[in-house]
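One structure is given below, encoded as structure tokens.
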Amino acid sequence: MEILDYKFLQLSTEGHIAILTISRPESLNALNKDVIQELTYAMLHLEKDENCRCIILTGSGEKAFVAGADIKEFADFTSEQASQLAKNGHENLFNVIENLTTPVIAAVNGFALGGGLELAMACHMRFASEDAKLGLPEVTLGIIPGYGGTQRLPQLVGKGRAAELIFTARMLDATTAKYWGLVNDVFAKENLLPEVKKIAEKISKNSPLAISKAIACINQSGKEFGFQLEITSFGELFEMKDKKEGVSAFLDKRKPNF
Ligand code: COA
């Protein structure tokens, strides 16, 4: 896998797993225009890489996953500039991650606030370190979440809890975030990456074709054509190579090799 020269990202690979680390320590990894652009580029690049079967997204340093959108960058924006910022984020990064055909796991290693929590919520699953703090504090700034938070949070935790988190701007500790269903599991800080890598390794042994179809179907859950997409995708997979290998391996009593 090619290692590209990013300014705000570190990319490393271990077997079929790519670990993408956001690195802007002076701003607790806050998302400015350049970070967003590099993340988009990296995600699309990794999606095309057939060797990459799972992406882990995390933050550099001891303190933060991502402490939000860069407040200093948008401080003087007009209404039009702000809408454009949100639209660009939705279209070019957050929706891209959600719809990526390669699974993306957020390893939340500290503060995940505002755009940082929205970034984690755009990933297909989230795991947190014991000291993680998660919240959407935008109303304290007189704004609302603009990178999908008002839509993805209710899907994950229900409308009532989403309203509580957004209206109060409180930060959830990792245990409460797990209890709410916002993160799948919580690990001691030093175990976060090793544990998430184990999950990524399990994923990368399974059929990439089937997983990419499952992502698309899960993203349609609760929507009008969700069941139809599942039916169509189920059928399509029957004429793809992974189904032949997976079913043959079962019948031959061996492990599949995708
Ligand atoms: N945008 C821009 N800069 C940010 C930032 C953000 N979202 N979050 C943190 N930073 C910067 C701080 O301004 C500070 O820079 P400085 O040293 O030049 O002053 C640096 O990162 C360290 O942050 P600091 O606030 O000193 O750390 P802390 O440990 O006292 O507090 C937080 C940590 C996360 C609680 C606090 O930084 C914070 O509340 N950040 C903003 C969170 C937020 O509202 N996010 C939503 C944005 S829409």
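The values are calculated or read from the model by the stated rules, or taken from the named source; none is laboratory data. Since we're looking at a predicted model, the values are computed, not measured. No Cβ is skipped: glycine too gets one built from the backbone with ideal geometry, and neighbour counts run over all protein chains shown. Accessible surface is based on the protein model in full, side chains and every heavy atom, while ligands, DNA and RNA are left aside. Shrake-Rupley method; radii C 1.70, N 1.55, O 1.52, S 1.80 Å.
Side notes on the structure shown:
- Conditions (1) under 29 Å from Lys205 (Cβ atoms); (2) surrounded by 21 or more Cβ atoms within 10 Å (Cβ to Cβ); (3) over 16 Å from the mean Cα position of the chain (by Cα); number of the one not met by Gly15: (2)
- Among the residues listed as Lys189, Lys197, the single one being farther than 23 Å from Ile218 by Cα and among the basic types (Lys, Arg): Lys189
- Output for region 10-33, where each listed residue is more than 13 Å from the ligand (Cβ to nearest atom) and either assigned to a helix (DSSP H, G or I) or in contact with a strand residue (DSSP E or B) (Cβ under 6 Å, 6 or more places away or on another chain) (or both): Gln10, Leu11, Ser12, Ile17, Ala18, Ile19, Leu20, Thr21, Ser23
- Within region 233-258, being closer than 23 Å to Ile203 by Cβ, of a type outside the set (Lys, Arg) and in a helix (DSSP H, G or I) holds for Ser233, Phe234, Glu236, Leu237, Asp242, Glu245, Gly246, Val247, Ser248, Ala249, Phe250.
- Residue in region 52-74 that is open to solvent by 50 Å² or more (accessible area, probe 1.4 Å), more than 16 Å from the ligand (Cβ to nearest atom) and touching a strand residue (DSSP E or B) at 6+ places or on another chain (Cβ under 9 Å) present: no
- Count of region 104-114 residues which are open to solvent by less than 10 Å² (accessible area, probe 1.4 Å) and either assigned to a loop (DSSP other than H, G, I, E, B) or within 18 Å of Ile199 (Cα to Cα) (or both): 7
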